[in-house]
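Asks: My questions will all concern the structure given below.
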Amino acid sequence: MDSPEGHRLVSPLAHRIGAHADAAQIADALVATWQDIASTLKPIIGQGGVSALYKRSLHITSSTHPWLDGTHEGIHSVMDLDALRAVFLQQTSAAAAAGGSALFKTFHELLTSLVGPSLTERLLRSVWTNSSSGSPPQDIAP
């Protein structure tokens, strides 16, 4: 993850947790970030679209983080962030951080494949900004 995009993918998680975060802090940061992603994308692609991308991201990421397998089952139109949090709570902090970063990266790649890199960055900018500043996202004119 040496590219600027790779750095931003870790940013939502890294900016919400400290260097010595435990699995609970990581799980809470993940849930908050996914809530921000859903809030940002829901008006554009709908709840079903967000849920479908989330579900696909979980499925793909579970190939390298098998403990995520099954968390995507039963997701139809609403992301089950309580189930996601529960799975992350069962991991070590290192595994949770790695799995969370991989999940964000996969989601970013899927969204990029659908709408392109420029639009993906514009759509998710507020999520990354919100994660790093802790303040509500602002619309930044180009």
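FYI, it's all coordinate maths here, none of it is from the lab. All values derive from a computational prediction rather than experimental measurement. Please note: Cβ atoms are built from the backbone with ideal geometry, for glycine as well, and neighbour counts cover all protein chains shown.
Asks: Taking 30 Å as R0, compute the FRET efficiency from the Cβ-Cβ separation of Gln35 and Ser63 and round it to 0.05.
Replies: 0.75
Asks: If each of Val115 and Ala83 carries a label point 7 Å out from its Cα toward its Cβ, how far apart are those two points in nm?
Replies: Those two pseudo-labels are separated by 2.5 nm.
Asks: Taking the Kirkwood radius as the inverse of the mean 1/r across Cα pairs, report the Rg/Rh of the stretch 4-130.
Replies: 0.93
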